[in-house]
Structure formats: C-alpha cells, structure tokens
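Notes follow once the structure below has been shown.
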Amino acid sequence: MSPRSPSVNEELRRRSRERLLQATVELVAERGYEATTLADIADRAGAARGLVSYYFPGKRQLLQSAVHRLMHRTLSAALEREPRTEDGRELLARAVDAILGLALEQPVLMRTHMAGILSAEGFVQCPEQQRLAELLRGTVTAYGSPSVDTDYPLLRALLMGAVFAVLLPGAPMPVQRLRAELFQRYGLEWERGVPPGPEPAGGTPLRGAAD
C-alpha cells in the first residue's frame with residue numbers, strides 16, 4: 001500500500017481535531033467541566049487519548065478552542081442565513097443576537113468558558129479564536145466603523161460583558177435589556193436580527209453609527 005499523501009494526512013488531522021472539539025462541547029454541556037476528563041473526550045471523539053495532548057496542552061485550552069469554534073460556527077451561520085445581506089447594521093444585529101443566544105442556549109458551556117478566561121491561564125490564542133475574530137472584525141467593517149482596530153476590541157468586550165451579565169449566578173440580567181443597551185449604542189432598530197421578544201419599556205433610542 002502506498003503511503004498517504006501530505007494533503008490526505010492533513011485532512012485526517014483536521015477531522016480528528018474537529019471531533020475532539022465537538023466532543024468537548026457536548027460533554028462539558030452535559031456533565032460540566034470538572035466531571036469531564038480528557039479520556040472521556042477522546043472516547044466520545046473516537047480518538048486515542050494521546051491525540052488530545054498532541055493537539056492541546058491541557059483541558060482548559062481544549063475547552064476554550066472548542067467554545068471559540070462553537071461561537072465561530074454560530075456567528076457564521078447567523079451572518080450568512082437567508083435572506084443574505086450586505087447591510088452592515090443588519091449584520092451587526094445578527095452578530096449580537098448570535099452571541100447572546102449562545103449564552104441562553106448553552107449556559108453551562110458559556111459560564112465555564114468565561115470562568116476559564118478569567119482564570120490564571122487567561123485567554124487562549126488559537127485558530128478557532130482567530131476565525132471568530134475575523135468574523136467580528138468583518139462585521140465591524142461592514143457596519144462602517146472608521147477605526148476597526150479600536151472598535152473591534154470594544155465590540156468584543158461589550159459582548160463578553162453582556163454574556164457575563166446574562167450568566168451571573170443569582171443576579172442575571174434579562175437578555176432583552178442587554179440587547180436594548182447594545183442596540184442603542186450602535187443605533188440599531190429593535191426589529192433587526194432576531195428579536196428575543198418585545199422591546200423593553202423605554203425603547204432603544206437610535207444614535208448614529210459615528211456616536
């Protein structure tokens with residue numbers, strides 16, 4: 001049998017890595033972070049235990065990459081859903097709704113992810129995070145930002161803060177109110193994106209994109 005070509009080997013490695021990331025999302029959502037072991041993840045992915053260590057230095061890094069992948073895929077689907085659009089204001093509304101939606105749909109996973117970012121190990125730079133960053137930067141560009149390098153980190157911070165507020169144990173903020181504040185800041189009409197319900201009392205006074 002002839003040896004596999006480099007391109008075939010690369011595709012097999014990509015698929016193995018994808019299976020590990022998907023297994024991590026599933027297991028942490030089902031069992032929680034502490035109850036999920038690297039061996040469990042390898043089992044769910046149908047991979048050898050050593051393969052996990054080959055791709056990731058530890059469980060925390062694996063989880064962050066897995067959640068960044070989920071966020072990237074969710075955001076990409078939201079931005080590209082029908083009807084397709086190049087309207088930057090609509091794209092930004094969809095981006096906000098996609099990230100807030102994840103906080104509601106995957107609270108265990110997103111709470112664990114936020115806790116990991118705030119831990120001593122901090123924020124993990126990985127290919128999945130870079131893909132997510134590219135999508136968010138592209139959204140800020142489409143919105144018409146005059147300074148993407150400044151406005152992209154601000155949007156990222158505002159979204160992270162909103163997710164934290166939704167997930168805060170004992171004192172969560174209603175997603176409608178958080179969405180209204182973000183939409184007001186960016187001058188977006190409530191009907192854009194995927195509204196989670198009726199507009200909160202007081203509405204969302206519009207401000208210009210340059211404010």
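Here is a list: SER145, SER119. Which entry is modelled with pLDDT of 95 or more, in the same structural domain as GLY187 (by TED's automatic domain parsing) and not in a helix (DSSP H, G or I)?
The match here is SER145.
Tell me the residue from LEU104, LEU132 that is buried (at least 18 other Cβ atoms within 10 Å of the Cβ) and of a type outside the set (S, T, N, Q), please. Let's see the steps before the verdict.
Working: LEU104 fails: buried (at least 18 other Cβ atoms within 10 Å of the Cβ).
Step by step, each of LEU104, LEU132 is checked, and only LEU132 is buried (at least 18 other Cβ atoms within 10 Å of the Cβ) and of a type outside the set (S, T, N, Q).
Specify the residue that is surrounded by the fewest Cβ atoms within 10 Å (Cβ to Cβ); the eligible residues are those in the range 71-91 that are closer than 15 Å to VAL194 by Cβ and of a type in the set (A, V, I, L, M).
So, considering only residues that are closer than 15 Å to VAL194 by Cβ and of a type in the set (A, V, I, L, M), the one surrounded by the fewest Cβ atoms within 10 Å (Cβ to Cβ) is ALA77.
Whether any residue in the range 23-46 is over 14 Å from the mean Cα position of the chain (by Cα), closer than 30 Å to GLU189 by Cβ and in a helix (DSSP H, G or I) is what I want to check.
Residues of the range 23-46 over 14 Å from the mean Cα position of the chain (by Cα): 23-24, 26-46.
Filter again for closer than 30 Å to GLU189 by Cβ, leaving none.
Scanning the range 23-46, I find no residue that is over 14 Å from the mean Cα position of the chain (by Cα), closer than 30 Å to GLU189 by Cβ and in a helix (DSSP H, G or I), so the answer is no.
Return yes or no: is THR85 assigned to a loop (DSSP other than H, G, I, E, B), of a type in the set (S, T, N, Q), free of Cβ contacts under 8 Å to residues at least 60 places away in the same chain and farther than 30 Å from VAL148 by Cβ?
On the way: assigned to a loop (DSSP other than H, G, I, E, B): yes; of a type in the set (S, T, N, Q): yes; free of Cβ contacts under 8 Å to residues at least 60 places away in the same chain: yes; farther than 30 Å from VAL148 by Cβ: no.
Criteria not met by THR85.
Just checking, does the range 36-54 include any residue being buried (at least 17 other Cβ atoms within 10 Å of the Cβ), at pLDDT 95 or above and among the hydroxyl-bearing types (Ser, Thr, Tyr)?
yes
Considering only residues that are without any contact (Cβ under 8 Å) to a residue 24 or more places away in the chain and among the polar types (S, T, N, Q), look in the range 34-71 and name the one that is nearest to PRO107 (Cα to Cα).
Top of the filtered list is THR36.
Can you spot a residue in the range 169-177 that is within 18 Å of ALA98 (Cα to Cα) and without any contact (Cβ under 8 Å) to a residue 24 or more places away in the chain? Talk me through it step by step, then tell me what you get.
The initial filter retains those residues of the range 169-177 that are within 18 Å of ALA98 (Cα to Cα), namely 173-177.
Cutting the leftovers down to without any contact (Cβ under 8 Å) to a residue 24 or more places away in the chain gives us 173, 177.
Checked the range 169-177: at least one residue is within 18 Å of ALA98 (Cα to Cα) and without any contact (Cβ under 8 Å) to a residue 24 or more places away in the chain.
Condition first: of a type in the set (D, E, K, R) and either touching a helix residue (DSSP H, G or I) at 6+ places or on another chain (Cβ under 6 Å) or free of Cβ contacts under 8 Å to residues at least 24 places away in the same chain (or both). Now tell me which residues in the range 88-116 satisfy that. Please lay out each step first, then the result.
Taking the range 88-116 first, the residues of a type in the set (D, E, K, R) are 89-90, 94, 97, 105, 111.
Passing the criteria: ARG94, GLU105, ARG111.
In this structure, does VAL140 turn out to be in contact with an Asp or Glu (Cβ under 7 Å, 6 or more places away or on another chain), under 30 Å from GLN61 (Cβ atoms) and surrounded by 14 or more Cβ atoms within 10 Å (Cβ to Cβ)?
Numbers: in contact with an Asp or Glu (Cβ under 7 Å, 6 or more places away or on another chain): yes; under 30 Å from GLN61 (Cβ atoms): yes; surrounded by 14 or more Cβ atoms within 10 Å (Cβ to Cβ): yes.
Criteria met by VAL140.
What residue, of LEU132, LEU91, LEU100, LEU75, is in contact with a His (Cβ under 6 Å, 6 or more places away or on another chain), more than 23 Å from GLU34 (Cα to Cα) and either assigned to a helix (DSSP H, G or I) or outside the structural domain of ALA157 (by TED's automatic domain parsing) (or both)?
After applying the criteria, what remains is LEU132.
Can you pull out the residues in the range 118-154 that are within 22 Å of ARG69 (Cβ to Cβ) and free of Cβ contacts under 8 Å to residues at least 40 places away in the same chain?
Narrowing the range 118-154 to residues within 22 Å of ARG69 (Cβ to Cβ): 118-119, 121-140, 152-153.
Scanning the range 118-154 gives LEU118, GLY122, GLN125, GLN130, ALA133, GLU134, ARG137, GLY138, TYR152, PRO153.
Limited to the range 71-95, what total is found for residues that are of a type in the set (D, E, K, R) and closer than 21 Å to GLU26 by Cα? Write out each step before concluding.
In the first step, residues of the range 71-95 are kept if they are of a type in the set (D, E, K, R); the result is 73, 80-82, 84, 86-87, 89-90, 94.
Next, only the ones that are closer than 21 Å to GLU26 by Cα stay: 73.
Residues that pass the stated criteria total 1.
The values are calculated or read from the model by the stated rules, or taken from the named source; none is laboratory data. From a predicted model like this one, the values you see are computed outputs, not experimental measurements. Note: ideal-geometry Cβ built from the backbone for every residue, glycine included; neighbour counts use all protein chains shown.
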